[in-house]
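Below is one structure, written out as structure tokens; comments come after it.
The values are calculated or read from the model by the stated rules, or taken from the named source; none is laboratory data. All values reported here derive from a predicted model rather than from experimental measurement. Heads up, the Cβs are rebuilt from the backbone with ideal geometry, glycines too, and the neighbour counts pull from every protein chain shown. Please note that ligands, DNA and RNA were not included when accessible areas were found on the heavy atoms of the full protein model with its side chains. Shrake-Rupley method; radii C 1.70, N 1.55, O 1.52, S 1.80 Å.
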Amino acid sequence: MKLLKLFIALNLSVSLGILTPLSANAAPKVVEQVAAIVNNNVILESDVNDMLKTIKASTDSRNLPNDKVLRQQIIDRLIIENLILQKAAKAKITVSDDEVTSAISRIAAQNGMTIDQLRSKLSTMGISYGAYRERIHNDMLIEETRMHEVRPRIKVSEKEVDNLAKNIARQPTNNIDVKISHILISIPERASKQQIDNATNKARDIINRAQKGENFAKLATSYSNDDLALKGGSMGWRKLNELPTIFEERLIRAAKGSIIGPIRSGVGLHILKVDDTRSEAPKTITVQEVNARHILIKTNVLVTDQNAKQKLTDIRKSITSGATTFEAAAKANSEDTGTASKGGNLGWNRPEIYDSGFRNALAQLKKGEISQPIKSSYGWHLIELIDTRRIDGKNAMEKAQAYQLIFNRKFVEEAQVWIQEIKGDAYIKITGEDKHE
């Protein structure tokens with residue numbers, strides 16, 4: 001069920017033990033063992049064991065490797081999550097209680113439950129509601145931090161979008177979906193020839209084993225270096241032309257059950273398995289576009305969420321009282337260098353291109369209305385909806401697909417580089433029997 005799968009993905013929180021000195025008459029207390037040290041934080045064996053039990057209880061055992069390999073994957077995941085949470089604390093990135101409550105409400109609704117029913121379901125799974133909230137909070141904070149750190153590193157030009165949109169229009173794959181699983185064998189930046197050869201040999205061995213019928217999900221859980229490893233590498237259903245071009249070229253004529261790879265990218269070697277395919281007849285599409293403008297205030301070590309929100313609240317009062325105009329306020333205050341000189345104008349766009357926080361706020365506005373301050377992965381915004389329109393969606397869809405494809409490809413690669421950077425800058429020590437390279 002969705003809830004159970006989500007719980008697995010979110011079971012990444014790190015609890016820190018407090019060592020209490022023993023009194024002369026006190027009974028000895030068990031001191032928790034440390035599985036890994038990450039800078040000044042520790043990952044406890046109990047954290048690893050909790051996640052191990054949850055995965056084993058909710059995953060087909062045929063798709064899992066032995067406990068030693070699975071523990072190594074869990075520790076690797078927990079190290080990365082811990083480093084990202086440390087980044088969040090340093091950058092003062094926060095997720096409010098209201099945001100967590102809203103997320104849990106959506107999860108409950110997606111599973112056809114009320115929050116009370118969700119509480120009961122969690123109880124039957126042996127999970128306290130407080131612990132579940134903490135896991136949701138950490139997962140949201142991790143995603144917020146990843147977007148905050150990686151998104152500014154990605155640049156997508158109009159020329160890139162136009163060129164790829166034209167290619168999409170010429171391809172006969174617009175209505176083909178593929179269900180695929182994925183294994184990534186990462187290769188570090190500036191890798192030596194020996195490192196590249198080792199990764200290539202490892203990828204070829206995995207492909208050979210998969211082609212001989214070995215369980216692909218089990219191989220992914222054992223060897224993959226990306227976020228999907230603990231889900232057996234499953235990427236689910238994807239539009240063929242929304243996948244990276246290097247994948248699409250190999251998948252376009254691939255039959256169900258095909259094992260494809262190794263495919264080299266900027267982050268390593270990829271192995272794909274075609275779990276299923278489907279297609280549908282072309283449809284006439286009309287899409288909505290919005291014309292909006294905004295004022296952006298970014299947060300940093302000196303400007304907190306509260307500071308940014310208050311500044312925008314004051315600007316909004318000045319605009320609505322007639323003391324200034326939105327255009328003038330954007331030129332004077334907005335930190336979006338691409339739109340500030342244009343009075344914050346973003347032009348006509350599909351709402352889907354915007355960050356989810358921005359997009360959700362925009363959807364609530366009426367024509368000419370100015371939002372309250374809202375938070376996105378970029379910072380805090382005031383948004384004014386200027387107008388909306390519906391247009392022939394074919395060209396817009398192709399451009400939106402092109403933009404998303406380019407962005408997703410760059411994001412995946414850049415996020416992997418970012419992870420390598422923060423791991424390289426950190427002190428990491430894996431202790432005990434799980435010590436490995």
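A few comments on the model shown:
- The condition of being over 28 Å from the mean Cα position of the chain (by Cα), aliphatic (A, V, I, L, M) and buried (at least 16 other Cβ atoms within 10 Å of the Cβ) does not hold for residue 361.
- If you go through the range 333-352 and keep only what is in contact with a Ser or Thr (Cβ under 8 Å, 6 or more places away or on another chain) and at negative phi, you end up with 340, 345, 346.
- Residue 314, sole failed condition from (1) open to solvent by 40 Å² or more (accessible area, probe 1.4 Å); (2) within 30 Å of residue 404 (Cβ to Cβ): (2)
- Taking the range 147-169 as the range and being among the basic types (Lys, Arg) and open to solvent by less than 30 Å² (accessible area, probe 1.4 Å) as the test, only 151 passes.
- Identity of the residue in the range 329-351, part of a helix (DSSP H, G or I) and surrounded by 14 or more Cβ atoms within 10 Å (Cβ to Cβ), that ends up modelled with the lowest pLDDT: 351
- Among the residues of the range 381-396, the one identified as surrounded by 19 or more Cβ atoms within 10 Å (Cβ to Cβ) and modelled with pLDDT under 95 is 396.
- Residue count, the range 352-363 (criterion: free of Cβ contacts under 8 Å to residues at least 40 places away in the same chain and in a helix (DSSP H, G or I)): 6
- Within the range 51-64, residues that are farther than 11 Å from residue 231 by Cα reach partners that are of a type in the set (Lys, Arg) and open to solvent by less than 40 Å² (accessible area, probe 1.4 Å) with beta carbons closer than 7 Å, at six or more positions or on different chains, in the pairs 52/71.
- The residue pairs whose first member lies in the range 400-419 and is under 10 Å from residue 151 (Cα atoms), whose second member is assigned to a helix (DSSP H, G or I) and open to solvent by 40 Å² or more (accessible area, probe 1.4 Å), and whose beta carbons are closer than 7 Å, counting only pairs six or more residues apart or on different chains, are 414/153.
- Annotation: of all residues in the range 425-437 being assigned to a helix (DSSP H, G or I) and open to solvent by less than 60 Å² (accessible area, probe 1.4 Å), the one that is modelled with the highest pLDDT is 432.
- Any hit, the range 223-245, residues being polar (S, T, N, Q), within 30 Å of residue 360 (Cβ to Cβ) and in contact (Cβ under 8 Å) with a residue 40 or more places away in the chain: yes
- Residue check for residue 210: in contact with a Ser or Thr (Cβ under 8 Å, 6 or more places away or on another chain) and at pLDDT 90 or above: no
- Of everything listed in (1) within 30 Å of residue 338 (Cβ to Cβ); (2) part of a helix (DSSP H, G or I), the single unmet condition for residue 93 is (2).
- Of the residues making up the range 325-348, just one is out of contact with any strand residue (DSSP E or B) (no Cβ under 6 Å at 6 or more places or on another chain) and among the acidic types (Asp, Glu), namely 327.
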